[in-house]
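Engineer: Starting off with a structure, shown below.
Values in this text are rule-based calculations from the coordinates and carry no lab data. For clarity, every value in this text was computed on a predicted model and none was experimentally measured. Note that we place each Cβ from the backbone using ideal geometry, even for glycine, and neighbour counts take in every protein chain shown.
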Amino acid sequence: MKFKVLLFLSFILSPIYSQVGIGTTNPQQQLHISGSQTGLQTLRIDDLAVTTGGTNPGELTTTIISANKALYTDARGDLYSRYILGDNTQSLIISGSQNINDTNLTDITGASITFTPRHSTVFLSFSVSGDIPASCINSNTQESWFAVGVSVNGSNIANFSSMSASTNSSSSTITVAQLPVSVSAGSPVTINLQGRDGGAVHDCGFTIDSTNLTSYMTITD
């Protein structure tokens with residue numbers, strides 16, 4: 001009877017300390033997956049798939065089935081998946097020229113991006129270049145500045161002012177890098193740039209010159 005009990009305990013305990021092999025009868029680690037020597041060996045975990053039913057932390061509800069995601073581990077060693085930052089980047093080069101002579105924010109033509117983000121925070125970078133028109137009436141007393149605002153679904157979230165000039169034909173540039181923008185992952189959003197001018201004398205406004213200068217916006221998602 002004692003022998004049977006020891007044999008039974010050995011049967012129960014041995015799997016706990018044994019190594020597990022998949023595709024091999026001689027596992028070299030606690031878990032050893034073996035297969036053909038050709039091709040890439042993969043391990044499929046259904047819940048990491050890009051589907052609307054994913055339940056892992058970081059899984060975003062989406063119908064996109066062609067995008068790859070990165071596999072992460074948390075402090076406990078649990079696996080979860082997330083989209084790689086930058087794999088859904090949106091960008092454009094602003095074309096044409098536009099003169100903005102308004103103290104209220106006005107949409108900059110061609111500086112709008114509508115997309116469906118994969119992250120709850122995306123990062124906006126842009127550069128807007130232009131000048132005071134050479135035909136400015138107050139060419140000797142022109143004192144003005146130009147500001148660029150950021151709009152998300154019609155609401156202003158940020159403003160930047162660094163374009164200033166004291167005479168006509170003075171060129172300036174506003175450049176912003178990696179501005180964090182909060183969005184709703186999985187829901188379409190429109191991010192666009194707006195402009196306005198001001199100053200003691202701003203009769204001529206500010207012309208965004210996309211013919212001789214380059215202006216663009218990029219959203220890293």
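Engineer: Assuming R0 = 25 Å, what is the FRET efficiency of SER171 and THR114, from their Cβ-Cβ distance, to the nearest 0.05? Please report the intermediate quantities before stating the final value.
Structural biologist: Values: r = 30 Å, r/R0 = 1.20.
Computed FRET efficiency for SER171 and THR114 comes out at 0.25.
Engineer: Sorting check: for 102-115, 206-219, which peptide has the highest mean count of neighbouring beta carbons within 10 Å, and how do the rest follow?
Structural biologist: Details: 102-115: 15.9, 206-219: 19.4.
Packing proxy ranking, top to bottom: 206-219, 102-115.
Engineer: Any chance you could run the full-extension gain for SER184 through THR121? It's 0.36 nm times the residue separation minus the Cα-Cα distance, nm to one decimal. Mind dumping the intermediate values first?
Structural biologist: Numbers: separation 63, 0.36 × 63 = 22.68 nm, distance 0.81 nm.
Taking SER184 through THR121 to full extension adds about 21.9 nm, to one decimal.
Engineer: Taking a point 7 angstrom from the Cα of ALA134 along the C-beta vector, which residues in segment 83-109 have backbone N less than 17 Å away?
Structural biologist: The answer is 97-99.
Engineer: Sticking with the crude label model, points 7 Å out along Cα→Cβ, report the distance from ILE93 to SER161 in nm, one decimal please.
Structural biologist: The two pseudo-label positions are separated by 3.2 nm.
Engineer: If we count every other residue with Cβ under 15 angstrom of GLY195's Cβ, Lys/Arg +1 and Asp/Glu -1, where does the sum land?
Structural biologist: Working: positive: ARG196; negative: ASP102, ASP107, ASP131, ASP197, ASP209.
Combined, the nearby Lys, Arg, Asp and Glu give -4.
Engineer: Order these peptides, 89-95, 187-193, 121-127, by their mean beta-carbon neighbour count within 10 angstrom, highest first. The partial results should precede the final answer.
Structural biologist: Values: 89-95: 14.7, 187-193: 17.1, 121-127: 19.1.
In decreasing order of mean packing, 89-95, 187-193, 121-127 become 121-127, 187-193, 89-95.
Engineer: Here is a further query. Roughly speaking, what is the stretch gain from THR103 to ALA200, that is 0.36 nm per residue apart minus the C-alpha to C-alpha distance, in nm to one decimal? Spell out each step's value before the answer.
Structural biologist: Numbers: separation 97, 0.36 × 97 = 34.92 nm, distance 1.17 nm.
Once the chain is fully extended between THR103 and ALA200, it gains 33.7 nm.
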